[in-house]
Structure formats: structure tokens, C-alpha cells
Amino acid sequence: MKIEKQFNFNKFEKDIYNKWETSNSFKAKKSNESFCIMMPPPNVTGSLHMGHALTFTIQDILIRYNRMRGKEVLWQAGTDHAGIATQMVVEKKLLENNISRNDLGRDKFIEKVWEWKKESGGKISNQLRRLGSSADWSRERFTMDEGLSKAVRKAFVDLYNDGIIYKDKRLVNWDPKLLTAISDLEVEQKEIEGTLWHIKYPINENKFLIIATTRPETLLGDSAVAVNPDDTRYKDLIGESCILPLVNKKIPIIADKHADPEKGSGAVKITPAHDFNDFEVGKRNNLKFINIFDQYAKINHNAPEEFQNLDRYEARKIILKKLENLGLLIKEEKQKMFVPYGDRSGVVIEPWLTDQWFCNAKKLSIEPINSIKTGKSKFIPKQWENTFYNWMENIQPWCISRQLWWGHQIPVWYGPDKKIFVETSLDEAKRKSKIFYGKDTSLIQDSDVLDTWFSSALWTFSTLDWPEKSYELEKFYPGNVLVTGFDIIFFWVARMMMMGSYFMKKTPFEDIYIHPLIRDEKGQKMSKSKGNIIDPLDLLEKYGADTLRFTLTALLNPGRDVKLSESRVKGYKSFTNKIWNASNFLLINNCKYDSNLDISNLNEPLNKWIISKLSLTQKKIKYNMQKYLFHEVANDLYHFIWHTYCDWYVEFSKSIFEKNLQNSNETKSVAAWVFIEILKLSHPIMPFITEKLWEKFFDDDENMLINQILTDIGNVDKDEIYNNYFDNLISIISKVRNLRSEFNISYKELININFSNNDDKFIKFLKNNENEINRLLKTNIITYDKKTSKIDGAAYLLINQTSLSIPLNNLIDTNNELKKLNLRKDIELKNLKKIELKLSNSSFLSKAPKEVIEQFEKQSNLIKSSIEKIDQIIDTIK
């Protein structure tokens, strides 16, 4: 067997992945117990970012782990057609040749989109392969493929027939550049330095109300002025009217709780057709809804003629100038404010009153809320339940129509008299229209398409062949867990629960694991403007998939955002190297895996000890996987592999191998056997390196690691006393090494140690391992007593009822060392006092950013730990 110094991930990862995929290792294998995760479909236009890397790593860990538990596992892959994003990409591509979508027409443009999808749409899926994602790609779906399109049409028709989908005139987020309604998720609230204008609304020649607004152009559409019913200043004005400036018409002064007496003058202008809050006020008070904008956000015919056809911002300038000339503009003041922008178009979004298709989300929300309350589904961490309830209990009608060409065209046809036919196909619509009109009639399909989230909401069952019945639908619905970020709990998670509960009569998943955000090392959100974006593709190229996956897993602490830096990833690269070097050690020493090894009948205490530690690690990992404590799984693996196995077991076994001691063959078998179990346990997080190392022990393409079942060795602590003895010996060696390090005692200087313990068996154990103690601690004389005797100039250590005395007279100046330690302690105490003063300052705590306070708290804990360590060292040499 060729011994390679390190794992060349760039050389091996692609070949290993191809072996997995071509051998159908990702396909579900029949079993009584199933496990299913629905992959959140990334946009077909997308490229792998750190959020993807995190969420798909978590999912793949769960998929690989449960596959190795012998379950029938499906990770349903797919991509989203991403309506606006994809249409913009293709439009931009066409414009490079001076062609617009209108030049082509709808049908030809759609053909171009499909051509683009065929050429470029597989990029994100291939990047997920690069990460190691073991999804069943043979079942990969696309939200616009024929099967899912059929499901979308069926769902729309059923919801319409049940009165849940309807057409209505309501306010939507309107993008005047893209000329379509967009979802709240596609609206970015940007903080800007804006202006608040104070305007007089005359009541009569001597009396007026003062209104403050950031959008003076919308006064052209005002229907009323509202005051709070409890505001005594305006009690006598309620029911009266005022004059709307520039329009010169009377509008009523109404009482409504929306008006806040503590803000401004306490009187607010109400523009029901151009403000979401005003829309509700308008409905409550039966006001007129006056739409003053067209689709391009220009002033329309509902405003006075002098303003018509003006852009909204041009109209603003003219309106302000006229108000000033009339003496109605009192003042203007600068202030910070949030303004809604389209995240793709980059223009300010207008609340716009328009005819759209809506879904009665309130009615659909009842079952999902009940599912969480009764425990049929649960959020992990539990804190997200309150966010879910808050959104769902205040849910508004869902605008499901979009004025685009790319997407699921709404299955609604109109007759010549605007009669609506809602059917799953044109043929069915024609059949119904013939019955209605008594003859063949020309029908026109609604030009709008459905919100992308509508098809995504059906993902958990449409991908399993619904509305047809299938084995997969029966086996894998509902899924076991959904893994996603908190930002789409409302937009996707809640809507999948709505649709799943409605059509399947079951909640679509048992657990909803909400992972944290990935931030930079300072805890700041990654953004292009800050220049702190970390590209996972760069990290994959530099450090390999296993290192990136392990880093993300290790940092995945529940309830805390992941603070990521390249240095953290680089640091964990040494862990993969450690595993690789351990395999080389085994191969060099001819340690071979023996499938017939009876681990319950071992002779060597060292081997019994490592088996007991492996058993404990298996139990911990199983528990932590079930609880989604991924950082604990990574910690369990790291501690067992690096410290227990490599630092101690391998180190102790060297003497057995080198001197060919009794039980040498047994130790070689156990060393290989435990390492194979390490590969199995590590595979879900680090699939590539573990598969490659597996090949070194089992050169058989039919017997790949990905297809193995995890071993459960159960309770093996028959020799618990001796296992504890090994733990104590490790503690002794570690503490003495620390002592050498603290006082800079060279390993060329041999030390004397006296052990004191009443336990005769432990003393015997130490004597049996004296060669190891000599080798690892560089000792000269080792003595044993039952009682500790005081020796001048000696260091004293107490480790689990074992007392150690180590004479230091000839090695260090004890008095000088004590002085240095006390000086260090004084410096640390002064630093601690400064930090504690900061943390006890209420003004600092109220003004300082959260991350700054956390940094001070972290420094405080580090200093306290340092002081405690110094005290311990002082105690050893007093």
C-alpha cells in the first residue's frame, strides 16, 4: 500500500463523488424506517454562497447519518424557477444584442428562458456536488417541470373552487421598473437621510391642521385626515372637514386609533391607495380609495391636470414649490428613515392599488398554528415558535399574482364577456365555456403568472408525484425535518405547512431546524458593500470540502450566529491532516482490520480502555444528532480522534509495537478496528477523506463507506476501574507536561516524581506503565508512597486522589518564580478591574453595541480563567 503524506482533496474529491453517484449510492434503499429531507430549492440562477454551504452541509450530515443507520433515505433535490431573477438574467442577455422581450413576444421569450436554463441552470446543482451533497439527483425536480406544473394548476383550481383563491383590488408592493407586484422578501428596507415636511391643511381662513409627511406627492390622493379619538385637542373637529391643498376639495376629519397623539401634531393624512396602514384605515372608515399613480409611478388622471404624467419625484418638487408659494409649507426637517427598495430593480417600491389574485392565508393558517401548538411539528430552537405565531396570527391576504412572463401562468381564462373559467387546462376551459355559451368560443388566458413561492409551497408533496398517488408520496410524506434559515419561516416554511395541511391533511415535516446566520469574524453581516463576503467556492478550492464542512459544523452553536473567518477554516485543516497521519501510522505498523475481532474478549488494558471511550463517543454522537446539536457532534469527534485516539492511544501503542510486547497483534487489530469506526462516525461530516481512507483498508468499489451501517457496540465498561486508571494516568502526564511548560523546564532535564496513593491497585498500574511514564515525561527516579511527604523546593500536584511531588530545587529558582507569578496575577487583576468597571457602567451598557459588550464579557472571563490558572500554579510550588 502506497503511503501518501497528505490528502490531496483537489485530486480525489471529484473521483470519489463520481463513484458515489454512478454506483447509485444516493438512491433510497428499501427499509422499514424512512427518513426524508426536502432540499430547499435554490434559485436556478444562483451560485453557492456561505448560507447555502451551511444549510446543505447540515442536511447532508443528517442524510448520510440516517443512511448509515439503515433507514430508507430520500434527500429530494431540485431548483426553483426564480421568476423575477431568471427573467431579468435572460432579458439582460438579450439586451446585449439590442433585443427586448417585447421584440420577441411572450412565447419566443419563454423559449429563450428554457434555452438559458438548459445551458446554465445546472450550475448550482454542480456546486452542491462539490460540497459533497449526497442528494438523489436522479429525482432532481424543477419548479417549472411538467409534473410540478400540473400540481400547481391542480392546487390553484382546487383552492379557487373552495373560495380560498380570489381576485381583489388591494395594495401590493409595486415595482415601477419591473412593472410587477413583488413579495415582502423581495423588498429591501434601506436607511436613508430623508426629509419630513410639515404642511398646513386649512379648515377655514383662521384655522388649520398641521400634517407631517415624507411623501408630499401622495397628498393628491388623500381621502381624510385622522386624529386619535382620545386626543382632546381635536375633539371638536371630529366629523368636520378640511381643505386638501392644491386639490382644493374638502376631505373629512375622522377619529381613528391609527393617529398617535405623541407623534408630531397628532393629525395624520390618510391616503388609502398608497399606504398599507392607510389602506386599513380607509376600510375601517369607508373612505374613498384614490389611485394617483400609473404602473410607471407617474401621476395619473385622478390628480389635477397640471400634475398628470409627471414622475413621482418631479411631481414632489413642483408640489413643494406650490405649497411654499401658498404659505402652506411650514418647515422641513432632515431625519433618518427606512425606504422600501426592490432588491433586484433597485428602485423605490410603491404601495399600489391594483387588481391581483389573492389567497386567503388566514384560513389556511389555522392548521399550521395548531400543528405547532399540539407538537405535531416543532421548531428547533423553540424560540422561533413565537416568531411563527406572531406572523401567522397577523397574516394578511397573500398576493399570488405577478406581472411577469416567466413562471406558472395563472390557469384562468376569460370569455368575450369577461366570464371567468378556472380550469387545469385550456381544453377543459373550452369544454366548460362551450357548455356555458352553447358554442365554441374564443378564450383569453390571464397574462399574469403565480408568485414563485406558490409553487415552492407545494414542494413537499408535488416533488413526490402529487396529485398522483405514488410509493414515494406514501413513504416520504411527511418528511422528518426541514432545515432552513429564519428569514423564510413566513415566506416558505409557513406556506408549505399551509399547503401540506390543506392538500395532504398532514403537516409536511416533524421538525423545523432553524440554523443561524453566518457572519464575519467580527459578528457583522456579510455584504458586498462591507467587502466582507467569504466565498465558499474559494474555501473549497483552498482547503477542501471536508475542512469547510467540519468548520461550519463545529461553529454551529444553537441560538448563536456563526462567526466565520478563513483562519478558522485553515485551523481545522490540521484536523483532517491528523486523521490522515493516523491512517499512515496504522499502515506503516501493518495494522489490519479484522472483522472477526471480539472486542468483548480483549487482554490488553489499553485496548479495553479505547473501546470504552469509543462506546461513550458513539452514545454522545447518537444523542447529539437526535437533538440537532451539531457543534457537540463535531466536538465529540474532535476530542476522541485528536486527543483520545491519536494523542494517547496511538502514543501508548507505540511502545507495544516497537518492542513487540505481549498483545502486540491484538493492539494492531484494535487500532485498525477503532480507526474504521472513526471513519464511520466522521463520514457524515467529512465524507471525502473518510471514503478515501476506507479505500486504503477495503480496496473494493462495491464496499464503499457511504453504504456502511454504523456500529453500535453498546456498554463495554467491564473494566471500569482500569479505564479510570488510564484516565488518571493521562491527567498525570498532562499536568506534569504543563508544569514543565510553565517553568520552561527542558525535556533534556530529567525529573524525579514521587507518587502517593492509598490504592494499591493503582500504584501497581503505575508501576506496570512506568516505561511509558519515563518515555513521555523524561523521568530519572520514580518512587511510590502511601502518604504524601513534604519536600522543600518541590512542586505538588493532586490528581484524583493521587499526590505527586516533583523536586524543583536544581531546575528552577522557586522564590523568583513565585515573584513572577504574583506579578502576573497583579497585572491581570488590574486589567480585570478596568473591564468590570466598564461592565458595571449603565451608560456604557445602554449605548455600546451588543458585540462590543460581548467582547468585554469574553475578555473578563478569559482574565478570570488566567488568574485561576496562576493561583493553581502558585499552589503547586508554595
Next item on the list: Could you run the Karplus curve 6.51 cos²θ - 1.76 cosθ + 1.60 with θ = phi - 60° over the range 836-851 and give me ³J(HN,Hα) per residue in whole Hz, x for Gly and Pro?
Entry: 4, 4, 4, 6, 9, 8, 4, 5, 4, 5, 7, 9, 6, x, 4, 5
Next item on the list: When a/c is below 1.5 the answer is rounded, else prolate if a/b is larger than b/c, else oblate, so apply that to the range 687-843 with a ≥ b ≥ c taken from the square roots of the Cα gyration tensor eigenvalues.
Entry: oblate
Check: Just for the Cα atoms in the range 327-430, what are the lengths along the principal axes, largest first, rounded to whole Å?
Finding: 61, 51, 27
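So which of 573/659; 563/696; 830/858 end up more than 26 Å apart, counting from Cα to Cα? Display every interim value, and only then the final one.
On the way: 573/659 33 Å; 563/696 36 Å; 830/858 16 Å.
The pairs that break the limit, which is 26 Å between Cα atoms, are 573/659; 563/696.
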Check: Which of the pairs 592/748; 620/654; 530/570; 169/298; 5/622 have their Cα atoms more than 26 Å apart in this structure?
Finding: 592/748; 620/654; 5/622
Checklist line | Built amide H within the under 5 Å cut-off of residue 448, gap 5+ | finding: 410
Check: Do the sum for the chain: with -39,500 (n - 2.57) for every DSSP H run of n ≥ 4, divided by all residues, what is the mean residue ellipticity at 222 nm, to the nearest 500 deg cm²/dmol?
Finding: -13500 deg cm²/dmol
Notebook entry, point to check: Which aspartates and glutamates have a Cα lying under 16 Å from the Cα of residue 505, excluding residues fewer than 8 positions away in the same chain?
Noted result: 158, 162, 367, 468, 474
Check: Roughly how compact is the range 724-812, stated as its Cα Rg over 2.2 N^0.38 Å to two decimals?
Finding: 1.00
Check: How many angstrom lie between the C-alpha centres of the range 51-102 and the range 801-831?
Finding: 60
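Can you order the peptides 545-551, 792-798 by their average number of other Cβ atoms within 10 Å per residue, highest first? Walk me through the numbers before you get to the answer.
Values: 545-551: 25.9, 792-798: 16.4.
Taking the mean over residues of other Cβ atoms within 10 Å, the ranking is 545-551, 792-798.
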Checklist line | Gyration tensor over alpha-carbon atoms, the chain, equivalent ellipsoid semi-axes in Å | finding: 66, 38, 22
Notebook entry, point to check: Modelled label-to-label distance, residue 779 and residue 565, 7 Å Cα→beta-carbon offset: nm?
Noted result: 4.1
Notebook entry, point to check: From the phi of every residue in the range 416-430, what ³J(HN,Hα) in whole Hz does the Karplus formula 6.51 cos²θ - 1.76 cosθ + 1.60 yield, where θ is phi - 60° and glycine or proline is x?
Noted result: x, 9, 6, 4, 9, 10, 9, 9, 7, 7, 5, 4, 5, 5, 5
Notebook entry, point to check: Expressed as a whole number of Å, what is the distance separating the alpha-carbon centroids of the range 864-878 and the range 557-626?
Noted result: 32
Next item on the list: Post the alpha-carbon centroid distance, the range 201-276 to the range 757-775, in whole angstrom.
Entry: 90
Next item on the list: Please give the helix 687-697 orientation as an angle from the longest Cα principal axis of the chain, in degrees from 0 to 90, rounded to the nearest 10.
Entry: 30
Checklist line | Point-to-point label distance, residue 6-residue 524, nm (Cα→Cβ direction, 7 Å offset) | finding: 3.1
Check: Which one of 457, 413, 442 has its Cα pushed farthest toward the positive end of the charge dipole of the range 413-457, where Lys and Arg give +1 and Asp and Glu give -1 at the Cβ?
Finding: 442
Item checked: Residues residue 123 and residue 749, FRET efficiency given R0 of 60 Å [Cβ-Cβ distance, rounded to 0.05] -> 0.45
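Which value in Å is the Kirkwood Rh of the range 630-684 over different Cα pairs? Intermediate results must be reported in sequence, preceding the final value.
Working: mean 1/r = 0.0831 Å⁻¹.
Radius from the Kirkwood sum: 12.0 Å.
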Next item on the list: For residue 117, list the lysines whose Cα falls under 16 Å from its own Cα; do not include residues on the same chain fewer than 8 positions away.
Entry: 92, 93, 108
Margin query: Please list, ordered by chain and number, the residues whose modelled amide H lies under 5 Å from the amide H of residue 300; skip anything fewer than 5 residues away on the same chain.
Written below: 293, 294, 309
Next item on the list: Give the long-range amide H neighbours of residue 517: residues separated by 5 or more places, or on another chain, with amide H under 5 Å away, using H modelled in the peptide plane at 1.01 Å from N.
Entry: 562
Notebook entry, point to check: Want the number for residue 592 to residue 198: 0.36 nm per residue separation, take away the alpha-carbon distance, what's left?
Noted result: 133.4 nm
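Per-residue counts of other Cβ atoms within 10 Å, averaged by peptide: what ranking do you get for 200-206, 497-503, highest first?
Highest-to-lowest ranking by the protection proxy: 497-503, 200-206.
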Next item on the list: Determine which lysines satisfy two conditions relative to residue 378: a Cα distance under 16 Å, and not lying fewer than 8 residues away in the same chain.
Entry: 506, 627
Next item on the list: Step through the residues of the range 530-536 one at a time and calculate ³J(HN,Hα) from phi using the Karplus curve (6.51 cos²θ - 1.76 cosθ + 1.60, θ = phi - 60°), rounding each to whole Hz and writing x for Gly and Pro.
Entry: 7, x, 10, 6, 9, 8, x
Next item on the list: Pop a pseudo-label 7 angstrom from the Cα along the beta-carbon direction at both residue 815 and residue 600 and give the gap in nm to one decimal.
Entry: 6.5
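Restricting to Cα pairs below 8 Å that are 6+ residues apart, what does the relative contact order work out to for the chain? Please round to a whole percent. Could the numbers behind the result be given before it?
Working: 1375 pairs, mean separation 106.2, N = 878.
The normalised contact order for the chain reaches 12 percent.
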Next item on the list: Please state, as a whole number in µm²/s, the translational diffusion coefficient that the Stokes-Einstein equation yields for the range 538-715 at 20 °C and 1.002 mPa s, with Rh defined as the Kirkwood radius across alpha carbon pairs.
Entry: 126
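None of the figures in this text is laboratory data; all of them are computed from the coordinates on show. Predicted model only: the values in this text are computed from it and were never measured. Counting neighbours? That spans all protein chains shown, and the Cβs are built from the backbone with ideal geometry, glycine included.
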